[in-house]
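Dropping the structure in here first, questions after.
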Amino acid sequence: MNLSVVWFFAGVMIGGLVLGALLVLIRPRDEEAAALYRREAREAQVWLQGRARSVVNGMPSKPERVSRR
């Protein structure tokens, strides 16, 4: 096995460990993540209700053509 191959794999492994450590350190706290999840769920529910309301009300996507006479 060539020494450059060993150095390459060692660099990949060390880089992976460093990246993993950074992700552990900068991850959001559980409370922040839960608050973000609740806010996104509320926004999605409001959007879905508005979309359903517009479909039920039958809002046309294009205005009807007016005949010119």
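The values are calculated or read from the model by the stated rules, or taken from the named source; none is laboratory data. Model, not experiment: these values are computed from the prediction.
Exactly one condition in (1) at pLDDT 85 or above; (2) part of a loop (DSSP other than H, G, I, E, B); (3) among the acidic types (Asp, Glu) is false for Glu64; which is it?
(1)
Sticking with this structure for a sec: Looking at the structure I just gave you, is Met13 at pLDDT 85 or above and of a type in the set (A, V, I, L, M)?
When the stated conditions are applied, Met13 passes them.
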